[in-house]
Amino acid sequence: MRVTLSHIKADIGGYVGHSTSHPAILELASKGLQKAKDSGMLIDFHVTACGDDLQLIMTHQKGEDNQEIHKMAWDIFMDGTRLAQELKLYGAGQDLLADTFSGNVKGMGPGVAEMEIEERPSEPVLIFMADKTSAGAWNLPLYKMFADPFNTAGLVISPVMNGGYAFEVVDVKEGLKITFNCPDELYEMLVFIGSPSRFMVRAVYHRATGEVGSVSSTQRLAFIAGRYVGKDDPVCIVRSQGNFPAVGEVLEPFANPHIVEGWMRGSHHGPLMPVAVKDANPSRFDGPPRVTCLGFQLANGKLVGPVDMFDDPSFDEARRQANEMGYYLRRHGPFEPHRLPLDEMEYTTMPEVMKKLEGRFEKA
Ligand code: F6R
Ligand code: MG
Ligand code: MG
C-alpha cells in the first residue's frame, strides 16, 4: 500500500515568550485534523509541539506536495494564529509569511518534510523535531546513521545495508542540489555537509533499492523572507529497520549532544539536547536547543503510537553533558564561538552600529 507521511509545522505563537506552545492551540489543531480524518482526506494524524512550534503529523494517500493537504494545514495555522492573537501569545503567526494560500505551503513559512512510501510489512518510523536551531542540525546525525560504521553496525554486518546510501544535499543559499553516493563519495560530501549553515541533507536513499530512508525540512525562513523571521526549527523523518538503520542506530547519534546554531536570538551556538516531549520547553537563555523524537509503527497508514523515544534514562548522560557544554559556552557571553560569526547572525545591530560610528574608522 502506498502511503504519504506529511509533517508540516510552524511557530504560530509562543507561550510564554518563545519557550513552549499553548494547549488550546494544540487542541484547535487536533480538532481541525480530526475533521480532515472524518472527511476521509487523512488516514491518521498526531499533533504535538516542540518548544514554540506546532507540529502536524499526517498520513494520507494523496502524494507529496498535495494542494488539498497543504491548504488544510495552512488553514489550521491561520485559525491557530487567530486564537494565538486572542490569547496574545508571543509572536502570533510569526512563521506565516503570506496572507493567502498559493498552492503549496513551501516557501510560505511553515517547515515541511514529506515522503511517499510503499508501506513495508512492518514500518517503524522515527520523527525528529528540533527547536532553536536550523535544518543543518540534522547533517551530523544523518551522516552517522547512514554512513558511519562506528555508529551503525549494520553498515558492516548487514548485507542489505553495505551497498550504502545516497545523500541528497541542498545548497540553501544558491538553491542548488547534488546527490552523493556513499561510501564512495564520503569525503567529497563531508566538505559540504560539514558546513551545515549552508549545505543541508534533504533526503537519504537506500542505494540498492532506491527506497527513501529519510527526509528533512530544509526551508530557511531567513532566506525566504530576506530578513530575520525566526529559526527554521526543523523536522526529519527516518525509516528504520530492514534496509535502514535499526531504531537504536537511528537514535545513537543524539547520545552525543553536538553543537548547533540557533540558541538565543538565532545568534548563538549551543548543544542539541535530546529530551522527552514534556521537557521540550527551552527556557535557559531561550535554550539550549532541543530535539525530540516520536516513534510510530505504520499500519496501513495508521499511526500506531507514539513512543516518546528520548524519554529514556539512557539519554540522561547526554542531557547532563549538554548542560555542562551549555554552561561552558555561556561563559563566553558575546564572544565567538558561542556567538555566531557576524554574517550568520540572524539578528545583528551591525548596520546601526556602523552608522553611529560613521567616519570614526581611519586607516590603521
Ligand atoms: C526564538 C528565539 C528567541 C528569540 C528571543 C528574542 O525562536 O530563538 O531566542 O529570538 O526571545 O525574541 P523577540 O525578538 O521576539 O523579542
Ligand atoms: Mg517563536
Ligand atoms: Mg521555535
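When only the Cβ of Lys, Arg, Asp and Glu is charged (+1, +1, -1, -1), the dipole of the chain relative to its Cα centre reaches about 700 debye. Apolar share of the accessible surface for the range 1-118: 48 percent from carbon plus sulfur atoms, 1.4 Å probe. The phi torsions of the range 203-210, fed into the Karplus equation with coefficients 6.51, -1.76 and 1.60 and a -60° offset, translate into couplings of 8, 10, 10, 6, 5, 5, 10, x Hz, rounded to whole numbers, with Gly and Pro shown as x.
Per residue, how much accessible area does the chain show when a 1.4 Å probe rolls over the protein heavy atoms, in square angstrom?
Details: 16170 Å² over 364 residues.
Per residue, the chain has an accessible area of 44 Å².
Assuming charge only on the beta carbon of Lys and Arg (+1) and of Asp and Glu (-1), the dipole of the range 1-118 about its Cα centre is about 180 debye to the nearest 20.
The 3J(HN,Hα) values that the Karplus relation (6.51, -1.76, 1.60; θ = phi - 60°) gives for the range 350-356 are, in residue order, 3, x, 5, 5, 4, 5, 4 Hz. Gly and Pro appear as x. If a spin label sat at a point 7 angstrom from the Cα of S314 along the line to its beta carbon, the backbone N atoms of the range 255-283 nearer than 16 Å would be those of 255-257, 274-276.
I'd like the carbon and sulfur percentage of the solvent accessible area for the range 119-348, probe radius 1.4 Å, heavy atoms only, ligands and nucleic acids excluded.
About 56 percent, which is the carbon plus sulfur part of the accessible surface.
Using the Cα centre of the chain as origin and beta-carbon charges of +1 (Lys, Arg) and -1 (Asp, Glu), tell me which of I178, G359, G287 is placed farthest towards the positive end of the dipole. The residue sitting farthest along the positive end of the dipole is G359.
Here K356 and F223 are evaluated by their C-beta separation; at R0 = 35 Å the FRET efficiency comes out at 0.80.
A cut-off under 12 angstrom between Cβ atoms defines the neighbours of G63, and their net charge, with Lys, Arg +1 and Asp, Glu -1, is -3. Working from Cα pairs under 8 Å separated by at least six residues, relative contact order for the chain is 18 percent. Selection among L87, A113, I127 by position relative to the dipole of the range 60-153 gives L87 as farthest towards the positive end (Cβ unit charges, Cα centre).
Between R198 and V307, residue separation times 0.36 nm minus the direct Cα-Cα distance comes to 36.0 nm. Shape class for the range 211-338: oblate, because the ratio a/c of the largest to smallest gyration tensor axis (alpha-carbon atoms, square roots of eigenvalues) is 1.5 or more and b/c is at least a/b. Annotation: T218 carries an accessible surface of approximately 30 Å², with a 1.4 Å probe and no ligand, DNA or RNA atoms counted. Each residue of the range 121-132 was assigned a 3J(HN,Hα) from its phi angle through the Karplus expression (A = 6.51, B = -1.76, C = 1.60, θ = phi - 60°), giving x, 9, 10, x, 10, 10, 10, 9, 9, 10, 10, 6 Hz with x at Gly and Pro.
The H on the amide N of C50, modeled in the peptide plane, is under 5 Å from the matching H of Q55, each at least 5 residues off or on a different chain. Across the range 1-118, the relative contact order, built from alpha-carbon pairs under 8 Å that are at least six residues apart, equals 41 percent.
Each of Y327, Y143, Y187, Y165 has its accessible area taken with a 1.4 Å probe; listed largest first, they run Y187, Y327, Y143, Y165. Rounded, prolate or oblate: pick one for the chain, where a ≥ b ≥ c are the square roots of the eigenvalues of its C-alpha gyration tensor, a/c under 1.5 means rounded, and failing that, prolate if a/b is larger than b/c, else oblate. Oblate, because a/c is 1.5 or more while a/b does not exceed b/c.
The values are calculated or read from the model by the stated rules, or taken from the named source; none is laboratory data. If you're wondering where the values come from, they're calculated on a predicted model, not measured in any experiment. When we count neighbours, we look across all protein chains shown, and the Cβ atoms used for this are built from the backbone with ideal geometry, even at glycine. Note: areas computed on protein heavy atoms with side chains; ligands, DNA, RNA excluded. Shrake-Rupley method; radii C 1.70, N 1.55, O 1.52, S 1.80 Å.
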